[in-house]
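S.K.: Attaching a single structure in structure tokens format; questions to follow.
The values are calculated or read from the model by the stated rules, or taken from the named source; none is laboratory data. Being a predicted model, the structure only gives us computed values, none of them experimental. Positions of Cβ are backbone-derived with ideal geometry, glycine not excepted, and every protein chain shown enters the neighbour counts.
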Ligand SMILES: Cc1cc2nc3c(=O)[nH]c(=O)nc-3n(C[C@H](O)[C@H](O)[C@H](O)COP(=O)(O)O)c2cc1C
Ligand code: SF4
């Protein structure tokens, strides 16, 4: 069941659109903010609420990489793998992160703290190589050890 | 350069925080809107923008005034009912970060540009489509929209003129295809961001089947300045370097001394941007080539650096200005690895609608991966060029695949010897050297 807080936010989001379905991406993101990811159950409940079939909503949910249809850790690290970062040390940064966290791309640490995901250009190329943790951008990560202290600030 | 020569960025605060509505008004903000509503007809605003020779800053360089003029007006069926204007703030072109800078620093400029575009085309509803990772832009825009409503620059009967405009912020959730204007419209309707057939063009049948203008953020930010200072002033900003009007926010990333973005007269040379503004290459790195305007443009070499960065000049040397934010390749980065990074991006972002893009790009990635790992064959090089031909315009539904073909074809052509070396020596020469 969708919570009262979720429903409130979703109703506010839907005001920008003339048809409930049109607000489905924003609604998915609201539910995800509350629960961390979109479970099958949440998907069914939200679909019903937006007058969509679950399949219809899932076809949208699975298209967008920032909608998580699998469980993620408490913090999601997006590692930019596009060309501006590639040219200034993306590979070293990725290796360092994988070693530090002992996980590969698409995986979550055993303590559920971090999920590591590849990301398209984050639009901060002037401070490449860059990553994003939750809503925060961290750039200039050359040499890659610079990321260690940053990770410490996410519990 | 003085602030007057840098209309887009000259008024930014030194601390990088967004201008509030009062500060924006002090710099002359919303004067253009006041003038348009009081003294100008919608057609007058459109003509001024046409005269200014402003061309779209989203990458394709389409003249903005003409784009607007395709929106039906008058008493036909399209003119009754809602019309829309959408700001394309998806900015997912790799290497591009100019629209973020504009939104984070001066969000009201975008709002005023959209107001003027809406007035000129008769739109009564506006959306700002922001990519999901741009939290800073979304915060700045959200606050600015609320401030603009508070002062009746948005809403009903704006400043007593009878003109209405509602404006909404839409936060996206990733996927490069959202920046393609018809994919964007599908996404805004809550669907997968797959492209639509053109024609009909969005100006006739766009959001919810209604007339819709989609413009890039930087394009729209120019409009208040054109209306405030006139088309002639705007044309003069380019200092005769180019037939195009205005300035351009250029950028540089890669191993240059000062990666960043600078507002300069449109038509400034690539060399000046690279050497003066970006400070040249970092010590110990040599320049090998650049992509002039994002990932989906052709490589240029040292011999092309004197090209003027405007839409027509860059085309003459075999590339495109694109977004005007250059990505630099240095001698210590492997051109095959860089190409692999580029093509992985395109392959992953392909929406899967057409075969050359869906199948071709994953094949390209596979071949490039093999070459980079030292397992490529000489025939692969021609196969890559063949794929670049198959991805070119005319074979696919949207411009994503042609965009992928541009760095692929030119990269293989210009750095062919490096590809051959990988194959001959059966390893990546850069990996050995760097490890
Ligand atoms: C795959 C793809 C991605 C695009 N991404 C963007 C983008 O993020 N921002 C943008 O303004 N234009 C983007 N475009 C170009 C738009 O389709 C469109 O031409 C542009 O928004 C028009 O605005 P303008 O006339 O002001 O340049 C993209 C095009 C393609 C094919
Ligand atoms: S070219 Fe690629 S991204 Fe564009 S419609 Fe075809 S498959 Fe989709």
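The rows are residues; the columns are (1) at pLDDT 95 or above; (2) within 19 Å of the chain's Cα centre (by Cα).
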residue	(1), (2)
A:97	yes, yes
A:117	yes, yes
A:121	yes, yes
A:134	yes, yes
A:149	yes, no
A:155	no, yes
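S.K.: Within the range B:121-133, how many residues turn out to be closer than 14 Å to residue A:124 by Cβ and surrounded by fewer than 24 Cβ atoms within 10 Å (Cβ to Cβ)?
M.R.: Residues of the range B:121-133 that are closer than 14 Å to residue A:124 by Cβ, as a first pass: B:131, B:133.
This time we only want the ones that are surrounded by fewer than 24 Cβ atoms within 10 Å (Cβ to Cβ), so: none.
Number satisfying all stated conditions: 0.
S.K.: From the set of residues in the range B:407-435 that are part of a helix (DSSP H, G or I), within 14 Å of chain A (Cβ to nearest Cβ) and in contact with a helix residue (DSSP H, G or I) (Cβ under 8 Å, 6 or more places away or on another chain), which is farthest from ligand 2 (Cβ to nearest atom)?
M.R.: Filtering first and then ranking leaves B:430.
S.K.: Looking only at the range B:175-212, filter to residues that are part of a helix (DSSP H, G or I) and more than 16 Å from ligand 2 (Cβ to nearest atom); which one of those is farthest from the other protein chains (Cβ to nearest Cβ)? Step through it out loud before you land on a result.
M.R.: Applying the first criterion (part of a helix (DSSP H, G or I)) to the range B:175-212 yields B:176-179, B:181-188, B:207-209.
Applying the additional criterion that residues be more than 16 Å from ligand 2 (Cβ to nearest atom) yields B:188, B:207-209.
On the way: B:188: 7, B:207: 9, B:208: 7, B:209: 12 Å.
Looking at the filtered set, the residue picked out is B:209.
S.K.: Can I ask one more? Every residue in the range B:151-185 that is over 22 Å from the mean Cα position of the chain (by Cα) and touching a residue at least 60 places away in the same chain (Cβ under 8 Å), please.
M.R.: Initially, the range B:151-185 is screened for residues over 22 Å from the mean Cα position of the chain (by Cα), giving B:151-166.
Residues satisfying the conditions are B:151, B:153, B:158, B:159, B:161, B:163.
S.K.: Sticking with this structure for a sec: Out of curiosity, is residue B:275 more than 22 Å from residue B:243 (Cβ to Cβ), free of Cβ contacts under 8 Å to residues at least 12 places away in the same chain and either surrounded by 15 or more Cβ atoms within 10 Å (Cβ to Cβ) or within 20 Å of the chain's Cα centre (by Cα) (or both)? Steps first, please.
M.R.: On the way: more than 22 Å from residue B:243 (Cβ to Cβ): yes; free of Cβ contacts under 8 Å to residues at least 12 places away in the same chain: yes; either surrounded by 15 or more Cβ atoms within 10 Å (Cβ to Cβ) or within 20 Å of the chain's Cα centre (by Cα) (or both): yes.
In short, yes.
S.K.: Another one. Got a sec? Which of A:151, A:93 is more than 11 Å from chain B (Cβ to nearest Cβ), farther than 24 Å from residue B:171 by Cβ, touching a helix residue (DSSP H, G or I) at 6+ places or on another chain (Cβ under 8 Å) and crowded, with 21+ Cβ neighbours inside 10 Å?
M.R.: A:93
S.K.: Out of curiosity, is residue B:110 within 14 Å of another protein chain (Cβ to nearest Cβ) and within 16 Å of ligand 1 (Cβ to nearest atom)?
M.R.: Details: within 14 Å of another protein chain (Cβ to nearest Cβ): no; within 16 Å of ligand 1 (Cβ to nearest atom): yes.
In short, no.
S.K.: Scanning the range B:217-228 for residues that are within 20 Å of the chain's Cα centre (by Cα) and more than 14 Å from chain A (Cβ to nearest Cβ), which turns out nearest to ligand 1 (Cβ to nearest atom)? First the steps, then the outcome.
M.R.: Step one: of the range B:217-228, the residues within 20 Å of the chain's Cα centre (by Cα) are B:217-226.
From the residues that got through so far, the ones that are more than 14 Å from chain A (Cβ to nearest Cβ) too are B:219-226.
Working: B:219: 3, B:220: 7, B:221: 10, B:222: 9, B:223: 10, B:224: 15, B:225: 15, B:226: 13 Å.
The selected residue is B:219.
S.K.: Assuming residue B:93 fulfils every condition listed in (1) within 10 Å of another protein chain (Cβ to nearest Cβ); (2) buried (at least 24 other Cβ atoms within 10 Å of the Cβ); (3) farther than 21 Å from residue B:185 by Cα apart from one, which condition is it?
M.R.: Checking residue B:93 against (1) within 10 Å of another protein chain (Cβ to nearest Cβ); (2) buried (at least 24 other Cβ atoms within 10 Å of the Cβ); (3) farther than 21 Å from residue B:185 by Cα, the one that fails is (3).
S.K.: Let me ask something additional. Confirm whether residue B:230 is touching a residue at least 24 places away in the same chain (Cβ under 8 Å), out of contact with any strand residue (DSSP E or B) (no Cβ under 8 Å at 6 or more places or on another chain) and over 18 Å from residue B:322 (Cβ atoms).
M.R.: Working: touching a residue at least 24 places away in the same chain (Cβ under 8 Å): yes; out of contact with any strand residue (DSSP E or B) (no Cβ under 8 Å at 6 or more places or on another chain): yes; over 18 Å from residue B:322 (Cβ atoms): yes.
So residue B:230 fits the description; yes.
S.K.: Got at least one residue in the range B:155-164 being touching a strand residue (DSSP E or B) at 6+ places or on another chain (Cβ under 6 Å) and surrounded by 15 or more Cβ atoms within 10 Å (Cβ to Cβ)? Break it down into steps so the answer makes sense when it comes.
M.R.: Step one: of the range B:155-164, the residues touching a strand residue (DSSP E or B) at 6+ places or on another chain (Cβ under 6 Å) are none.
No, because not a single residue in the range B:155-164 is touching a strand residue (DSSP E or B) at 6+ places or on another chain (Cβ under 6 Å) and surrounded by 15 or more Cβ atoms within 10 Å (Cβ to Cβ).
S.K.: So which of B:53, B:100 is at pLDDT 95 or above and within 13 Å of chain A (Cβ to nearest Cβ)?
M.R.: Answer to the check: B:100.
S.K.: Based on what the data block shows, is residue B:35 more than 22 Å from the chain's Cα centre (by Cα), in contact (Cβ under 8 Å) with a residue 24 or more places away in the chain and not assigned by TED's automatic domain parsing to the domain that holds residue B:348?
M.R.: Numbers: more than 22 Å from the chain's Cα centre (by Cα): yes; in contact (Cβ under 8 Å) with a residue 24 or more places away in the chain: yes; not assigned by TED's automatic domain parsing to the domain that holds residue B:348: yes.
The answer is yes for residue B:35.
S.K.: Filter the range B:387-402 down to residues that are part of a helix (DSSP H, G or I) and either in the same structural domain as residue B:196 (by TED's automatic domain parsing) or closer than 25 Å to residue A:65 by Cα (or both), then give me how many there are. If you could, list the steps in order and put the result at the bottom.
M.R.: Taking the range B:387-402 as the starting set, the residues that turn out to be part of a helix (DSSP H, G or I) are B:387-390, B:400-402.
With the extra rule that they be either in the same structural domain as residue B:196 (by TED's automatic domain parsing) or closer than 25 Å to residue A:65 by Cα (or both), the set shrinks to B:400-402.
Summing the residues that are part of a helix (DSSP H, G or I) and either in the same structural domain as residue B:196 (by TED's automatic domain parsing) or closer than 25 Å to residue A:65 by Cα (or both) in the range B:387-402 gives 3.
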